[in-house]
Amino acid sequence: MFNNHSPEQNCGMLYIISAPSGAGKTSLVNALLEEMDFIEVSVSYTTRPKRSGEREGIDYHYIDHNTFQQMIIEDQFIEYAEVFGNSYGTSKERIKDKLKAGIDVILEIDWQGAQQVKKQFEQCTLVFILPPSRHELLVRLKGRGQDSHEVITSRMNESIDQLSHYKEFDFLIINDQFAHALGELKALIHAFRLRQTSNCRRHHDLIQALLY
C-alpha cells in the first residue's frame, strides 16, 4: 500500500474527482488547472478511439485492447474499469512519480476506480460533483447534441447509478452556479495545502531556520 504522506518525501496530494456524466466535472477541473500551476490531471490509458480534436498524451494515451490487457497482467494500473464498452486505466508508476515530486494530482475516475485507488493511497481525497437536479442533468446530456436517444437514455441510467455512490466520497460539490462550484473546489485544494503536515514538508527549510 502506498502512503502519499511519508515524512521523508515532499509528496503531493492525490485528489479523486468523480461525477455522473453531465455534471460538469471536466469543465470544473479544466478551470481549476488554469488557475493552479501546482496541480495536474493524470492522463489515463484507454481503448476508446480518439475523437476529433483530442490529442495523444494530453486527453488520453490511446492503446489497443491487447496492450491494455497486457498492462493489467503486468500490474501497471492503480485502477482500471470498463465504461460503455471501452477500457480506462491509470498508470501506477506515473502517479507515484508525480506525488514523489511534490505535484498534486487529480484523477477523474468513477466510483469504482475511486474505491480501487483508496485501498492503495490511504490519504487520497475523494470529491464528488453533483448536478443541481435530475432535470438539469438530462438537459446537459441532451445539450451535447452528438448522442442518439438510446445513448442519452443509457448515460442517464448510468449517471443515476453513479449518484447512488455519493456517500463513499469525502466531499460533495453541487455544480449549479459554475463560478460558485469552482470556488468551492479551489477552497478545498487550498485548505489541504495549508494543513500542518503539508506545509511542514513544503516549508521545511523556513521552519528550521525560524526554530534554530
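The values are calculated or read from the model by the stated rules, or taken from the named source; none is laboratory data. In this text the structure is predicted, and so the values were computed from the model without any measurement. Note that we place each Cβ from the backbone using ideal geometry, even for glycine, and neighbour counts take in every protein chain shown.
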Worksheet item: Does segment 34-50 contain at least one residue that is at pLDDT below 90 and of a type outside the set (A, V, I, L, M)?
Response: yes
Discussion item. Kindly evaluate D104 against the criterion of being under 26 Å from D64 (Cβ atoms) and of a type in the set (D, E).
Written reply: no
Worksheet item: Of S198, S159, which residue is touching a Phe, Trp or Tyr at 6+ places or on another chain (Cβ under 8 Å), surrounded by 13 or more Cβ atoms within 10 Å (Cβ to Cβ) and of a type in the set (S, T, Y)?
Response: S198
Worksheet item: Restricting segment 87-143 to residues that are crowded, with 17+ Cβ neighbours inside 10 Å and among the acidic types (D, E), which is nearest to R155 (Cα to Cα)?
Response: D110
Practice prompt. Working only within segment 183-197, note down all residues that are in contact with a strand residue (DSSP E or B) (Cβ under 9 Å, 6 or more places away or on another chain) and either over 15 Å from A31 (Cβ atoms) or touching a residue at least 12 places away in the same chain (Cβ under 8 Å) (or both).
Written response: L185, L188, I189, F192, R193
Worksheet item: Taking only pairs six or more apart or across chains, which ones have beta-carbon atoms under 8 Å, a first residue in segment 57-68 that is among the small types (G, A, S), and a second residue that is surrounded by 15 or more Cβ atoms within 10 Å (Cβ to Cβ)?
Response: G57/V43
